[in-house]
Every structure is written in structure tokens, then in C-alpha cells.
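The values are calculated or read from the model by the stated rules, or taken from the named source; none is laboratory data. Note that the coordinates shown come from a computational prediction; the quantities given were computed from them, not determined experimentally. When we count neighbours, we look across all protein chains shown, and the Cβ atoms used for this are built from the backbone with ideal geometry, even at glycine. In case anyone asks, the SASA skips ligands and DNA or RNA and just uses the protein heavy atoms, side chains included. Shrake-Rupley method; radii C 1.70, N 1.55, O 1.52, S 1.80 Å.
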Amino acid sequence: GAPRCGASFHELNKALRIELNANASCIWQIQRNENQSIRLIFSYFKFAPSSSCESESIKVYDGPSTHSPLLGHVCNDTDAVPVLESSSDSLTFLITTNSMDFTRNFFVFYYFFSPESKTENCGGQLTGPNGTFSSPNYPAPYSEFTFCVWHIQTPKNSKINLQFQDFFLELDRNCQLDFTAVYDGPSTTTGLIGKVCGRAQPTFESSSNAMTVVLSTDHASSYRGFSAQYSSVLLPDPVEPNTFLTCSSDRMRIVLSKSYLASLGYNEAHLQLNDPSCSPVVTDSVIFSFPLASCGTIKKDEGQSITYTNTISLSPTGNIITRHKNMEIIAKCKMENNSTLEVFYITKNKVIQSIAARGRYNISMSFYDSDSFSKPIPHSPYYVDLNQTLFAQVSLHSTDPNLLVFVDTCTASPQPDFGSSTYDLIRNGCIKDDTLVTYPPLGHHGRFKFNAFRFLQSSPSVYLQCDVVICDSNNTDSRCTQGCISRQKRAISPYTWKTNTVVGPILLKRDPRSADHSDFLAKADAEETPNLQQYNFHTLAFVVLLSNILIVVAVILRHHKHQAGYSYHKIQSS
């Protein structure tokens, strides 16, 4: 935690949860005589809605005060996870807010590090049409305060498909602690495609032949990290170079070529979305990047897909004479399988350029320790008792608040490929296991509980796979509202968007040797094998007690010898 408004810190590392209201101007200073640099990471920030960089922001200074050189600037439209590094052992940041009555939240952590120290297998340049990479030490746990950056570049006229075959990082609600961030392009300052943590198998796609991947961890709870592979996909010759659209579970990103706009007599200063307050970032290109359900985006449920459409309007510049009165660029994201399509139309007095891209929603599934669904189970495999109640949650990671998650089918199998015998928990929305209970739909979460499987006794491990349907919450006739349906009804029942997610393995506590889990085995062996020192102590105590008894008996018998005239030899014989 941190004081409400500003503080001075001297620790080697610290995590801060900051909450501010209107009209704040707060300064935090970090300084320590360490002869090291400081890495400062804003892994979560929430400013007032529609606030501009001028009205509220975070300014980071490379030194002990706000008079030091400006190192970086973070505001509401920052399309990245800001990571800033000082050149010395001091750093200062200032947070200012405007007059809007709104609670702002920030999560930031810092640590001192030596820039010259290098972690093996941590980041670097990856070239060629395809390749693989993994987190440091994989599959062993990654180290604390790991920070790696991989720059991927494939041949020209291609885009990059990135797949994480295995992914296990510390899980928290906003991926504030350990996370992997993927960027569309060669930079980590803009173009964020997504940020992930926990257990998942995410897939990402770039819009060009460059992609950047960042791994950042804190000082606690290390897991095995990830293993990833990338491949290049040849792009068709574009109608206009450097003009494209990318879609993710969270954002729409439109990139326009400045030279193309100039050739038509248009200037980047005259561009606007459906919501004019959403302005672009202008570099070598003109870039609009915004959450799916913002900036006047129109959402449409098309039966088996959801589309998000926004329009960029352009007005000719000043006295420039053009053959077109005005121009529109229609950008449409269709949430389906990943692919890209560009179509251009020209009418008599208006150029209408339509760019369509297909994307995917980001889905994950986790087990939790109770029906409050507040504490996820952080480790894998998940060891359970045979009759234990398990709590599972499927989560959608999207900025669109008007979506529902519905768990359509869940199947258990002893194999991760689900090719052998399976056991149905849910099928077509119908409960097939008499111990399973579903919870009412709750926005971006689908929840259910059940007892550990009966056949877990005969299987070394069990995996769970769920088919998930995502619907527009405003559609009262969607698949998400229909519950259990028969196969006949299912054939004509439209769903909006469907995918599946896998979690596991699940193992019985009484059979720890069904998986390689040394910590658990050590604990189990300690419980099952008596302590040797304890055993020796008990044996010694018994011998001493028996000796004392024999001495007492001998004394008594010797006493009787004097009284009755028995010989000591007879006493010994007795």
C-alpha cells in the first residue's frame, strides 16, 4: 500500500496500490544509495473516462525531483504497459487528476536492478519465417524480477501468428503482478494486442512482420512460465500500403498511411471516428487504437458472430482541390477465426474504403477454492480429495461490457487431447453429472461446481474441456438465454461466438505418484514414514522402563530370599 497522496521510498523493491479522486497532484519519490537503476512498471492504471493527457496523467522523471529530465508520460489513451527505467538510483513520478468526480486506481511496482546483468534465455532478436522461444528456466520456475523482451521479425509482406503451447504465470485479477504483454510492431510503447497471466493457451496475430513480446514478474509466486512458437503468414498485396486493421479481444486498431492520405489531399488533422473526442496518435502513420465498445463503435449480433464497426470521416484540407468531396473509412471487426480481408469501394463523389478483420475473444478457465470465486487455485496439477467440491470459472477478457458467457458443454478425459473415453458434466447446456450445479450467468463469467469425478480412482489424471458460447447481452433470444436444449433444437439455434478452453490435470491426493510432483511426494513420504529419531526415542524409553521393572523385581525377590531362605540361584532361575 501507499499513503493517499505521495510518499518517499527507500526500499529495494515495493508494490503500490494508489487510489486518487478529483483535483489531486501527488508526488512519489524513490531513492536509495545503491549504484543501480530503477525499473518502474505501471501494470494497471484507470483514469477518469475520456480524460485527456493535458488534464490528468502520470509523469515520470529521471532523478530525485520533478525538475529532473522527463522520462515518460502515461495517460488515458496509453496503449501499452508502461515500463520506465532510470539512469541512476533515483526516480520521481507525479500523478495529476482533473475535477471529475471519479475514483482513479493505479497499481505500480518498482525494483532496483543492474543494467549490465543479463538473464540467460531472456529476450533477444528472433528472425526467420518461424521459430520457438520460452521463458527463462522453463519448465522450471522463472526467477523473481524477471524482465525479458523478445523482438520477432519475419520476412516482408507477412504477418505473425504467435501461439503459447504452455502458459503458467501467477494469476491475479488484472494481471498486475506477473504478466506477458504482446505488441503489434517493434515497439513496447504502443500497439498493445493483449496482456495475459494465469493458466491459458493464448494466440495472437500481428498486422505486419514485426511483433514484440514482454515477460515481467515480481518478487513472489514463481511458476513454470511459458513455451511459445511463432510462424509467418504471407499477406496479399494490399490495395494501399501501410493501411490496415487489427482486432483483439479488447481493442480495435486502425493504421493509415500518411502518404496515402496526402495523395488524396487529406491531412491527419481532419480525421475523426464516430465519436470525435477519440483522437489518433500520429507518428509515421496515423493510428486509432481504442477499446471495442468505445468511441461510437456499433455492435451487431449476426447470429453466429458479433461485429464491431466504426467509421473514420475525412474532410479535404483547406484550399486543396480533390476529385472527391469527402472520404470515409469503415472499419469492421468480426469475432471469428483469425483472418484478414480488405475491400475498397469508390462511388461518384465519395471514396468509401472498407477494412474488415476477423479476431477472437480471449477466454480462460480456472479452479477456485470456494463459491466466492475470489481466490484461484494457483498451482498445477490440482490435487483433490475424491469427494471434494470443485469450483470452476470460465472468464472472458474483453472491454465490451455487454457480453454474456454461457458454458454449453464440459467434458472430462484422462488424456489432454480428449481422444479416449470421456465423461460428460454438461452437454448442450444440460447437466449430465448429478453433483454439478451451475450458477446464474454473471457478465463475463460462467461458473459451476461439482464433486471430484468417480472415475478419478482409476485414472492417473483428468483434464476438463469446456465449450463456451459468447452472446450479446442485449439479445434476449441468444443461445446464452436458452439453457438446456435438445439436439433437434440445437440444430436451428443460433449461437453468437463459440470456442473451447482446457484446464488440468486434476489428480487424487491419495495417489501422488501419478504425476511428477516432488514437493507433494516429499510431504506424502513424510506423513507415511515414521520419524527415525522419534522411533529410536520410543525404543530407548521402552528399554529403560523394562530395565527398571526388572531391577524392582530383583530387589523384591532378594528381600524374599532373606525371609524364606531361597537361594540367589533359584531367584535367577525364576
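Do we find that ARG487 is at pLDDT 85 or above and open to solvent by 50 Å² or more (accessible area, probe 1.4 Å) in this structure?
On the way: at pLDDT 85 or above: no; open to solvent by 50 Å² or more (accessible area, probe 1.4 Å): yes.
In short, no.
What strands (runs of 3 or more DSSP E) lie completely within the stretch 1-75 and have 1 or more residues being surrounded by fewer than 17 Cβ atoms within 10 Å (Cβ to Cβ) and touching a residue at least 12 places away in the same chain (Cβ under 8 Å)? Quick ask: steps written out before the conclusion?
Values: elements: 7-9, 13-20, 25-31, 37-46, 57-61, 70-74.
The qualifying strands (runs of 3 or more DSSP E) are 7-9, 13-20, 25-31, 37-46, 70-74.
Checking THR399 against (1) under 19 Å from the mean Cα position of the chain (by Cα); (2) within 27 Å of THR307 (Cα to Cα); (3) open to solvent by less than 20 Å² (accessible area, probe 1.4 Å): exactly one of these is not met. Which one?
The single condition THR399 does not satisfy is (3).
Got a number for residues in the stretch 134-169 being surrounded by 19 or more Cβ atoms within 10 Å (Cβ to Cβ) and part of a loop (DSSP other than H, G, I, E, B)?
5
Answer with yes or no whether PHE418 is hydrophobic (A, V, I, L, M, F, W, C), surrounded by 14 or more Cβ atoms within 10 Å (Cβ to Cβ) and in a loop (DSSP other than H, G, I, E, B).
On the way: hydrophobic (A, V, I, L, M, F, W, C): yes; surrounded by 14 or more Cβ atoms within 10 Å (Cβ to Cβ): yes; in a loop (DSSP other than H, G, I, E, B): yes.
In short, yes.
Based on what the data block shows, is VAL81 under 30 Å from LEU171 (Cβ atoms), touching a residue at least 24 places away in the same chain (Cβ under 8 Å) and assigned to a loop (DSSP other than H, G, I, E, B)?
Values: under 30 Å from LEU171 (Cβ atoms): yes; touching a residue at least 24 places away in the same chain (Cβ under 8 Å): yes; assigned to a loop (DSSP other than H, G, I, E, B): yes.
In short, yes.
How many of the residues making up the stretch 354-381 are surrounded by fewer than 21 Cβ atoms within 10 Å (Cβ to Cβ), more than 19 Å from the chain's Cα centre (by Cα) and either at pLDDT below 75 or in a strand (DSSP E or B) (or both)?
Summing the residues that are surrounded by fewer than 21 Cβ atoms within 10 Å (Cβ to Cβ), more than 19 Å from the chain's Cα centre (by Cα) and either at pLDDT below 75 or in a strand (DSSP E or B) (or both) in the stretch 354-381 gives 3.
Exactly one of these conditions fails for GLY128: (1) over 16 Å from the mean Cα position of the chain (by Cα); (2) at negative phi. Give me its number.
That leaves (2) as the condition not met.
Counting only residues that are under 24 Å from ASN267 (Cβ atoms) and surrounded by fewer than 16 Cβ atoms within 10 Å (Cβ to Cβ), which one in the stretch 297-316 is modelled with the lowest pLDDT?
SER315
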